[in-house]
Ligand SMILES: CC1=C(CCC(=O)O)c2cc3nc(cc4[nH]c(cc5[nH]c(cc1n2)c(C)c5CCC(=O)O)c(CCC(=O)O)c4C)C(CCC(=O)O)=C3C
Ligand SMILES: [Fe+2]
């Protein structure tokens, strides 16, 4: 990848409602055109309603942006950071217009999805591809995307550093319950996605070398790397399970669901679980509801001790590691990148800076592919191999 003297960074995320009146319009944006039934919308709305109609995700992105800005300043990087969302204000198209109005022309997109796949990667590329068209900025503003970072120190180090604390909490809970020798299991959990998305994740050249879908393989690489680096977890059982399934019950999604898996674990004699949420970068609604509420309740019913490891959030290692990745792409005055090499820790990785042809492809309802940025075969933006 040729480094560029980017003149703006765009932090792109999912977005979330900021009050009761936002909840349904937000959910309509999320599910627009994908046929999620209204009953399901109402079901999901409750998660937000019990929290005052507010998702914590926007505050978390504001905090991440501020932390990245502080780290830029500490390293003498003067590039401004903007923030835009797919499903709620500030919408990515409005942010794009602001970026252009401020005179910037070369933008590095930092999407909050850590893995390959349609929802985690390609959809962010589409947001910008469609956004450049909708705002008339195609050919004016150029947007490249930072690579997926599941494999990097930025993402894995916070989990490695925080897992021992959660493990100690479960050990204390078991001791207090008179079961100091109780069996503990490490439960890695990520967002379930439709099987068809999982099978389309990543480029064919890599998919064909794996014995499972690439989305799952990336998560397994992360889970195994975390375990190998936490001595306190040596010898404990572990699993990779899924959360937050939605869509039609007739469409196959990745399984098992965390709640079903916990039942089986209890039946198999497990006494306590440490849940490691490796699918997300912050403790947003899908973490607070599906894990800290539902999965925790399931554990209480089953008599299992429970602790959840925090997501990276604004962990020092996450913020500093993300800025390292920006430095790999950012050209200094001599035209060379600010940082040589490509940081990566897990068995899979480092990932591509520019997505390969056909990567994570998914047709729109009208049977066509949407425009994307950040790939070798993108129609918009100015991709480079
Ligand atoms: C892989 C992935 C990530 C990680 C990558 C990334 O971080 O971007 C992610 C993030 C998030 N998903 C979120 C929320 C939702 N996701 C939904 C629906 C869906 N997600 C999917 C996948 C993912 N999702 C899929 C395949 C669907 C169904 C199809 C569709 O409709 O696209 C729905 C619809 C309602 C329902 O559950 O049926 C909601 C409300 C929030 C915000 C939480 C908050 O507000 O705090 C965040 C960060
Ligand atoms: Fe989601």
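The values are calculated or read from the model by the stated rules, or taken from the named source; none is laboratory data. Bear in mind that the values here come from a model prediction, so they are computed numbers and not experimental data. Quick reminder, even Gly has a Cβ in these numbers, built from the backbone with ideal geometry, and neighbours come from all protein chains shown.
The residue list 230, 189, 222 contains one member that is within 16 Å of ligand 1 (Cβ to nearest atom), in the same structural domain as residue 265 (by TED's automatic domain parsing), closer than 24 Å to residue 324 by Cβ and at pLDDT 95 or above, which is 222. Each residue in the range 92-130 was checked for being away from ligand 2 (no atom under 16 Å from the Cβ) and touching a strand residue (DSSP E or B) at 6+ places or on another chain (Cβ under 8 Å), and 18 pass.
Within the group 217, 234, 223, which residue is more than 16 Å from ligand 2 (Cβ to nearest atom) and in contact with a strand residue (DSSP E or B) (Cβ under 8 Å, 6 or more places away or on another chain)? Result of the check over 217, 234, 223: 223. The set of residues in the range 26-57 that are under 23 Å from the mean Cα position of the chain (by Cα), on the phi > 0 side of the Ramachandran plot and either at pLDDT below 90 or within 13 Å of ligand 2 (Cβ to nearest atom) (or both) contains only 33. Right, residue 16: in contact (Cβ under 8 Å) with a residue 24 or more places away in the chain and within 10 Å of ligand 1 (Cβ to nearest atom) or not? So residue 16 fits the description; yes. Just a yes or no: is a residue in the range 231-238 part of a helix (DSSP H, G or I) and either touching a helix residue (DSSP H, G or I) at 6+ places or on another chain (Cβ under 7 Å) or on the phi > 0 side of the Ramachandran plot (or both)? Yes, the range 231-238 contains at least one residue that is part of a helix (DSSP H, G or I) and either touching a helix residue (DSSP H, G or I) at 6+ places or on another chain (Cβ under 7 Å) or on the phi > 0 side of the Ramachandran plot (or both).
All of (1) more than 16 Å from ligand 2 (Cβ to nearest atom); (2) buried (at least 19 other Cβ atoms within 10 Å of the Cβ); (3) part of a helix (DSSP H, G or I) hold for residue 147 with one exception: (3).
Kindly evaluate residue 29 against the criterion of being within 13 Å of ligand 1 (Cβ to nearest atom), in contact (Cβ under 8 Å) with a residue 12 or more places away in the chain, within 19 Å of residue 112 (Cα to Cα) and touching a strand residue (DSSP E or B) at 6+ places or on another chain (Cβ under 7 Å). For residue 29, the condition - within 13 Å of ligand 1 (Cβ to nearest atom), in contact (Cβ under 8 Å) with a residue 12 or more places away in the chain, within 19 Å of residue 112 (Cα to Cα) and touching a strand residue (DSSP E or B) at 6+ places or on another chain (Cβ under 7 Å) - is not met.
Any chance the range 69-90 includes a residue that's modelled with pLDDT of 95 or more, assigned to a helix (DSSP H, G or I) and crowded, with 21+ Cβ neighbours inside 10 Å? Scanning the range 69-90 turns up no residue that is modelled with pLDDT of 95 or more, assigned to a helix (DSSP H, G or I) and crowded, with 21+ Cβ neighbours inside 10 Å. Among the numbered conditions (1) crowded, with 18+ Cβ neighbours inside 10 Å; (2) in a helix (DSSP H, G or I); (3) free of Cβ contacts under 8 Å to residues at least 60 places away in the same chain, the only one that residue 297 does not meet is (1).
If you filter the range 304-349 down to residues that are assigned to a loop (DSSP other than H, G, I, E, B) and in contact with a strand residue (DSSP E or B) (Cβ under 9 Å, 6 or more places away or on another chain), you find that the one that is farthest from residue 81 (Cα to Cα) is 304.
Table: residues versus (1) in the same structural domain as residue 222 (by TED's automatic domain parsing); (2) modelled with pLDDT of 95 or more; (3) within 16 Å of ligand 1 (Cβ to nearest atom).
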| residue | (1), (2), (3) |
| --- | --- |
| 119 | no, yes, yes |
| 134 | no, yes, no |
| 141 | no, yes, no |
| 160 | yes, yes, no |
| 163 | yes, yes, no |
| 179 | yes, yes, no |
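Let's see how each residue does on (1) in contact with a helix residue (DSSP H, G or I) (Cβ under 8 Å, 6 or more places away or on another chain); (2) assigned by TED's automatic domain parsing to the domain that holds residue 177; (3) modelled with pLDDT of 95 or more:
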| residue | (1), (2), (3) |
| --- | --- |
| 290 | yes, yes, yes |
| 300 | no, yes, yes |
| 324 | yes, no, yes |
| 349 | yes, no, no |
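Each residue in the range 241-267 was checked for being surrounded by 20 or more Cβ atoms within 10 Å (Cβ to Cβ) and either more than 14 Å from ligand 1 (Cβ to nearest atom) or under 18 Å from residue 153 (Cα atoms) (or both), and 5 pass.
So, in the range 268-291, of the ones that are assigned to a helix (DSSP H, G or I), in contact with a strand residue (DSSP E or B) (Cβ under 6 Å, 6 or more places away or on another chain) and closer than 20 Å to residue 318 by Cβ, which residue ends up nearest to ligand 1 (Cβ to nearest atom)? Here the residue is 287. Taking first residues from the range 235-252 that are over 22 Å from residue 217 (Cα atoms) and partners that are within 16 Å of ligand 2 (Cβ to nearest atom), the Cβ contacts under 7 Å between residues at least 6 apart in sequence or on separate chains come to 247/36; 247/194; 247/253.
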